[in-house]
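Note sheet for the following structure.
The values are calculated or read from the model by the stated rules, or taken from the named source; none is laboratory data. Keep in mind the model is a prediction, meaning the values are calculated, not measured. For neighbour counting, all protein chains shown are included, and Cβ atoms are generated from backbone atoms with ideal geometry for every residue, glycine included.
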């Protein structure tokens, strides 16, 4: 395949992914547009949050959090979802790194790696 053809295919794919919307994302994950959410009064942000809750997240955020004090970027939740805020402990991100009795013991030895949300 020539470079021109390859670039054309790449640009076409990129344009397609840029122009996709919540309906396209729901179709990709669920196989249909979730009209029931629309009927229940969900706005587009709510529908995105609902969709994000149904797809897999990074399964090693507990390692990032415990060792580095950081996790992969998390989606911004709408303000009215604040009632459902979960702590890192609730998410299962805090555990004792290998060779330590607790996460606190590890963070005492490596204070620059302590998560900032615990300060």
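Summary of computed values
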{"item": "Elements of type helices (runs of 4 or more DSSP H) in the range 35-118, at least 2 residues being surrounded by 14 or more Cβ atoms within 10 Å (Cβ to Cβ), over 18 Å from the mean Cα position of the chain (by Cα) and modelled with pLDDT of 85 or more", "result": "35-39, 103-109"}
{"item": "Of all residues in the range 22-34 being touching a helix residue (DSSP H, G or I) at 6+ places or on another chain (Cβ under 8 Å) and part of a loop (DSSP other than H, G, I, E, B), the one that is nearest to residue 102 (Cα to Cα)", "result": "34"}
